[in-house]
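Below: one structure, written as structure tokens.
Here, each number is a calculation from the coordinates, and none is a lab measurement. All values reported here derive from a predicted model rather than from experimental measurement. Because the Cβ atoms are built from the backbone with ideal geometry, glycine has one as well, and the counts that use them run over all protein chains shown.
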Amino acid sequence: MNALKDIASLLDKMQQGLAEYLHTHRIENPLMVGIHTGGTWIAQELHRRLQLQEPLGMLDIAFYRDDFSRIGMQPQVKPSSLPLNVDDRHIILVDDVLYTGRTIRAALNEIFDYGRPATVTLAVLIERNGRELPIDAAIIGQRLQLGIHEHVSLSGPQAMKLSIVETMINDSGNTTS
């Protein structure tokens, strides 16, 4: 079993990696966007630590998912909050866990509904095995190798905590923790 590092050290690593990335790529005014909900919590903390001037954007990609039959409809859809135009902007897209890549694909689809950014840089707290789509993160807090029935869960937003939970598949094909 993999050991999860503490959130503070993962955020420190991500902050340092993002600062270096922005400096190396000469990006001065990025738009940081968090994916609801855990990605938003992580983005809020990184946004504060990096002292970004542009307001934090938030995405709820529930209606952009292509795997409703597998994960089920999410009943609490939150509105997305992005500038009306993202054309030629450098976007830092933040999520808590990169797993199959489907959440990121959905987020990219929604971002492109707002315009065509110059770049989209993915930053994730946890990257785990099991990718279904060719998506990689540039900034990663921690990489994990998990079993097929193991998943990472982030609770928060105050006193954020990571845990590895075991899921089972019930008779109707849905997953339960």
HN-Hα J couplings of segment 141-149 from phi, Karplus 6.51/-1.76/1.60, θ = phi - 60°, integer Hz, Gly and Pro as x?
x, 8, 9, 10, 10, 10, x, 4, 9
Using θ = phi - 60° and the Karplus curve 6.51 cos²θ - 1.76 cosθ + 1.60, what whole-Hz ³J(HN,Hα) does each residue of segment 101-109 get, with Gly and Pro shown as x?
x, 5, 5, 5, 4, 5, 5, 4, 4
Can you compute 3J(HN,Hα) from phi for each residue in segment 31-39, using the Karplus curve 6.51 cos²θ - 1.76 cosθ + 1.60 with θ = phi - 60°, rounded to whole Hz and x for Gly and Pro?
9, 8, 10, x, 8, 4, 9, x, x
Normalised contact order of segment 81-167, rounded percent, pairs of Cα under 8 Å and 6 or more residues apart
27
With each label point set 7 Å from Cα along the Cα-Cβ vector, what nm distance links Lys5 and Asp136?
1.9
May I ask you to compute the full-extension gain from Ala118 to Arg48, defined as 0.36 nm times their residue separation minus their alpha-carbon distance, rounded to one decimal in nm?
22.9 nm
Burial order of peptide ranges 11-20, 25-34 (average beta-carbon count within 10 Å, highest first)
25-34, 11-20
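So for segment 7-144, what are the equivalent ellipsoid semi-axes in whole Å, largest first, each being the square root of 5 times an eigenvalue of the Cα gyration tensor? List each step's numbers first, then the result.
On the way: eigenvalues 97, 66, 37 Å².
Whole-Å semi-axes of the equivalent ellipsoid: 22, 18, 14.
Treating the beta-carbon of each Lys and Arg as +1 and of each Asp and Glu as -1, no other charges, what is the dipole magnitude of segment 7-144 about its Cα centre, to the nearest 20 debye? Don't skip to the end; give the middle numbers.
Values: 14 positive and 17 negative charges, 47 e Å.
Using only the charged Cβ atoms, the result is roughly 220 debye.
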What FRET efficiency would be calculated for the residue pair Lys161, Asp12, taking the C-beta separation as r and a Förster radius of 22 Å, to the nearest 0.05?
0.85
